[in-house]
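Notes for the one structure printed next.
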Amino acid sequence: MIKSAPSVYGGEKMQKEQLIQIRRDLHQIPEIGFQEVKTQQYLLNILNQFPSERLEIKTWRTGIFALVKGTNPKKTIGYRADIDGLPITEETGYDFQSTHPGYMHACGHDFHMTIALGILSHFIENPIEDHVLFLFQPAEEGPGGAEPMLNSEIAMQWKPDIITALHIAPELPVGTIATKPGLLFANTSELFIDLKGKGGHAAYPHNTNDMVVAACSLVTQLQSIVARNVDPLDSAVITIGKITGGTVQNIIAENARLEGTIRTLSVESMEKVKERIEALVKGLEIGYSCQAVIDYGAMYHQVYNEEALTAEFMEYTAEQTDFDVQLCTEAMTGEDFGYMVSQIPGFMFWLGVGSPYGLHHAKLTPNEKAIEVAVEVMAKYITFKSEQK
Ligand SMILES: CC(=O)N[C@@H](CCC[C@H](N)C(=O)O)C(=O)O
């Protein structure tokens with residue numbers, strides 16, 4: 001059943017309490033990439049309460065474009081919020097915890113959506129000259145919604161001239177904004193390796209090719225790539241987050257599967273890492289008499305913040321708000337927003353939410369006070385960009 005959205009529009013901008021209620025409602029219905037059906041319906045139930053002469057809404061797959069119309073538009077300012085959750089069993093102990101067993105908003109996309117609605121409501125009530133386009137984007141965690149959404153006919157028609165987004169930062173206190181001009185997030189590629197050998201009786205290993213042993217060996221070998229093949233002054237990560245293989249304790253495994261992700265700061269290192277993975281996998285095939293298939297899944301372009309715009313945003317926010325604006329370093333996180341900023345000038349920033357547990361953790365508990373911080377920052381900044389000649 002789709003949770004009914006609260007009544008939010010009575011001719012006034014949304015109140016803090018309403019935004020917190022929305023965040024908690026969204027938190028209860030996490031859905032993974034391109035399955036965000038209830039989430040989309042919940043968002044539409046809210047968006048449809050705003051006056052249609054000020055807001056045009058179009059759905060795209062499980063996402064939504066929402067255009068707040070400007071009074072005398074010369075340009076369109078874009079704001080993107082990702083909407084998918086993760087396959088994690090929640091352990092926050094919230095009384096509003098996920099009602100979808102095994103799924104959780106453990107990357108803060110419930111915050112991202114709520115903040116977007118708060119900003120949108122501000123511009124319904126406080127019209128500016130330019131259009132503001134909100135992109136509620138599916139599948140950020142995978143397989144990647146940014147690229148197809150931006151290449152859709154709707155995005156072509158409403159193409160933003162600049163685009164911004166934020167990501168919650170559990171390690172930063174509420175009231176902190178952190179970003180940097182240039183490279184912010186890494187290049188990423190998913191990594192799936194399927195191994196096929198020969199199964200058999202646990203007592204007769206000499207008659208089999210054991211894929212559990214091969215998979216363990218491969219995980220260890222992969223660690224040498226970052227240690228020995230990547231320039232230490234560059235950075236790379238190979239994480240295998242999941243291994244599956246075999247059927248039962250006394251049968252030697254015929255199949256195994258490794259699932260992971262590769263992160264690099266440079267495009268060149270990504271190519272190098274993949275070459276080395278392929279070489280090690282070839283060696284494994286010979287050494288363990290098995291067949292291996294590598295699949296790189298979804299690959300995300302690095303997030304490269306447009307330098308002048310980001311510097312201007314940092315300076316403006318430091319001067320015009322009471323928040324702590326910090327220059328941060330690059331992170332090995334990935335974001336398909338990188339595709340959007342490779343096509344449209346824009347930037348992303350971290351929003352401090354002060355949680356003792358980090359992103360992708362079952363106990364992530366971001367502080368809801370950060371919602372109003374983000375709405376204030378973006379309402380002011382977008383107004384400033386619209387007034388800028
Ligand atoms: C901000 C964040 O946590 N993003 C994800 C993006 C995942 C991309 C893809 N599924 C992969 O694992 O490579 C991240 O894990 O950084």
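The values are calculated or read from the model by the stated rules, or taken from the named source; none is laboratory data. Because the structure is a prediction, the values reported are computed rather than measured. Ideal geometry is used to build each Cβ from the backbone, glycine not excepted, and the neighbour counts take in all protein chains shown. The area values use the complete protein model at the heavy-atom level, side chains included, leaving out ligands, DNA and RNA. Shrake-Rupley method; radii C 1.70, N 1.55, O 1.52, S 1.80 Å.
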Extending each Cα 7 Å along its Cβ direction at Phe384 and Gln249, get the distance between those two points in nm, one decimal.
6.3 nm
Under the Karplus relation 6.51 cos²θ - 1.76 cosθ + 1.60, θ = phi - 60°, what is the ordered set of whole-Hz ³J(HN,Hα) values for segment 41-58, x standing for Gly and Pro?
5, 4, 5, 5, 4, 7, 4, 5, 7, 7, x, 5, 6, 9, 9, 10, 10, 9
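What range in the chain is the longest one free of GluC sites (Glu not before Pro) that are in a loop by DSSP and have at most 11 other Cβ atoms within 10 angstrom? Mind dumping the intermediate values first?
Details: sites that count: Glu12, Glu53.
Longest site-free region, per DSSP loop and neighbour criteria: 54-389.
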Label-point separation in nm, Thr365 to Ala318, each point 7 Å along Cα→Cβ:
3.4 nm
With a 10 Å cut-off between alpha carbons and a GNM built on the chain, which of Arg54, Arg80, Arg263 moves the most?
Arg54
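Would you kindly state how much longer the chain becomes between Phe96 and Glu171 on full extension, computed as 0.36 nm times their sequence separation minus their alpha carbon distance, in nm to one decimal?
Numbers: separation 75, 0.36 × 75 = 27.00 nm, distance 2.28 nm.
Residue separation times 0.36 nm, minus the Cα-Cα distance, leaves 24.7 nm.
Calculate what fraction, in whole %, of the accessible area of the chain sits on carbon and sulfur atoms when a 1.4 Å probe is rolled over the protein chains.
On the way: 8480 of 16590 Å².
Carbon-and-sulfur percentage of accessible area, whole number: 51.
Which loop chymotrypsin sites (Phe, Trp or Tyr not before Pro) in segment 87-134, with loop taken from DSSP, have no more than 15 other Cβ atoms within 10 angstrom of their Cβ? Don't jump to the answer; show the numbers that get you there.
Details: sites: Tyr94, Phe96, Tyr103, Phe111, Phe123, Phe134; in loops: Tyr94, Phe96, Tyr103.
For chymotrypsin sites (Phe, Trp or Tyr not before Pro) across segment 87-134 that sit outside H, G, I, E and B with at most 15 neighbouring Cβ atoms in 10 Å, the list reads Tyr94, Phe96.
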Translational D in µm²/s for the chain (Stokes-Einstein at 4 °C, 1.567 mPa s, Kirkwood Rh from C-alpha pairs):
58 µm²/s
Could you list, in their original order, any pairs among Lys159/Lys389; Lys58/Lys242; Lys242/Lys369; Lys196/Lys363; Lys16/Lys58 whose Cα atoms are separated by more than 30 Å?
Lys58/Lys242; Lys242/Lys369; Lys196/Lys363
State the dimensionless ratio Rg/Rh of segment 188-299 (Rg: radius of gyration of Cα atoms; Rh: Kirkwood radius).
1.03
With labels modelled as points extended 7 Å from the Cα through the Cβ direction, what inter-label distance (nm, one decimal) is found for Ala203 paired with Tyr296?
4.7 nm
Which is farthest toward the positive dipole end of segment 254-389 among Phe337, Met348, Tyr316, measuring Cα position about the Cα centre, with Cβ charges +1 (Lys, Arg) and -1 (Asp, Glu)?
Phe337
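Between Ile240 and Ile286, how high is the FRET efficiency from 1/(1 + (r/R0)^6) when r is the Cβ-Cβ distance and R₀ = 22 Å? Nearest 0.05.
According to the calculation, E is roughly 0.55.
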Pull out the extension gain between Lys75 and Lys159, defined as 0.36 nm times the separation in residues minus the alpha carbon to alpha carbon distance; nm, one decimal.
29.3 nm
Label point 7 Å beyond Cα of Asp231 along Cβ direction - residues of segment 262-292 with amide nitrogen under 15 Å
264-273
